[in-house]
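What follows is a short report on a single structure.
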Amino acid sequence: MKERIGYLAWVVGVAQFFVVHGIVESAWARPAYSWARNNISDLGNVHCGLRTWPESRYICSPDHGLMNGSFIALGVLLVVGFVLTGGAGGIGGGVPWLGGRVAALARMLLVSGGVGFVLIGLAPTDVHKGLHVVGAALIMGTGNAGLVLAGFGLADRVPRPLRRAAGLLGVVALLAFGLFLSGHYLGLGMGGMERVAAYPLLFWVAALGLWGVVLRAGRTRAAVAEVRAGGDPVGPGSAGG
């Protein structure tokens, strides 16, 4: 049950983030919010005004409190998911994870990405820029490094496309982070390149969460069917088996 809650935490966390993003974006004062021109965290800025870092743009987000709450909720739910699916104390191999140092390090780095979302929600750029930058670095730096390692730390029971996607998305996101920091946006704009660096982690976590929810639901249905048929839902080795 705790593993299923962990998977659900990932799905709910990512889903609420994109729903809230759309709501807050729709309330943005003119000029219209742009995925290419604006940073993601511009939606959480507390004050209206012209910003010059890292690119010049006017920011005014009336629903910034809602967005910052969503950042915090996303980060907490990501961390909860990695703890509940990571085995006892988050150290041993859980359902989706192998045992060993690589898997443990992957989860630790991925958890740091969740912590990063909490930090950017607690410290909007125009309130505490330094702490906000630390949060962004945890998401797009260490979080994406954890995504790369996850490709080697996931158990074979996880579908191969999900395992391969982890490493591939992690590499792409880290490259995008480097391009973002260097000011090379390749025609995507500042906000577009930032999204290439930040969103792969969310998309992959949501996909793994959906897989886990479906997997656990399938096992539950199988166990119920076995009980109704008069079988042993526990399996070989159980008392009386």
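Annotations
- Subtracting the Cα-Cα distance of Ser34 and Ala15 from 0.36 nm times their residue separation leaves 4.8 nm of extension gain.
- Carbon + sulfur, % of accessible area of the chain - ligands and nucleic acids excluded, 1.4 Å: 70
- Stretchable slack from Arg101 to His128, in nm (0.36 nm times residue separation minus alpha-carbon distance): 6.2 nm
- Take every Cα pair under 8 Å whose residues are at least 6 apart in sequence, average their separation, divide by the length of the stretch 24-116, and the relative contact order is 21 percent.
- Principal-axis tilt of helix 64-84 within the chain, Cα atoms, nearest 10 degrees: 30
- Accessible surface ranking that places the most exposed of Phe203, Phe152, Phe82 first, with a 1.4 angstrom probe: Phe152, Phe203, Phe82
- Here each label is just a point 7 Å from Cα along the line to Cβ, and for Phe152 and Lys2 those points are 2.8 nm apart.
- With the helix formula -39500 (n - 2.57) applied to DSSP H stretches of n ≥ 4, the chain reaches a computed 222 nm mean residue ellipticity of -21500 deg cm²/dmol.
- Exposure rank, largest accessible area first [Ile139, Ile72; 1.4 Å]: Ile72, Ile139
- Residue ranges 116-122, 166-172 sort as 116-122, 166-172 when ordered by packing (mean number of other C-beta atoms within 10 Å per residue, highest first).
- Peptides ranked, highest mean first, by Cβ atoms within 10 Å: ranges 176-188, 103-115, 1-13: 103-115, 1-13, 176-188
- Summed residue charge, Cβ within 13 Å of Ala166's Cβ, Lys/Arg positive, Asp/Glu negative: +4
- Of (1) 14.5; (2) 13.5; (3) 12.4, the label for mean projected area of the Cα convex hull in nm² derived from the coordinates: (1)
- Stretching Phe203 away from Arg164 to a fully extended chain increases their span by 12.7 nm, per 0.36 nm per residue minus the current alpha-carbon distance.
- In this structure the chain gives 46 Å² per residue of accessible area when probed at 1.4 Å with all protein chains present.
- Mean Cα-pair separation over length for the chain, i.e. relative contact order, pairs under 8 Å, 6 or more apart, %: 21
The values are calculated or read from the model by the stated rules, or taken from the named source; none is laboratory data. Given the structure is predicted, the values throughout are model-derived calculations rather than measurements. Here Cβ is always computed from backbone atoms with ideal geometry, including for glycine, and neighbour counts include all displayed protein chains. Calculation scope for accessible area: heavy atoms of the full protein, side chains included, ligands and nucleic acids excluded. Shrake-Rupley method; radii C 1.70, N 1.55, O 1.52, S 1.80 Å.
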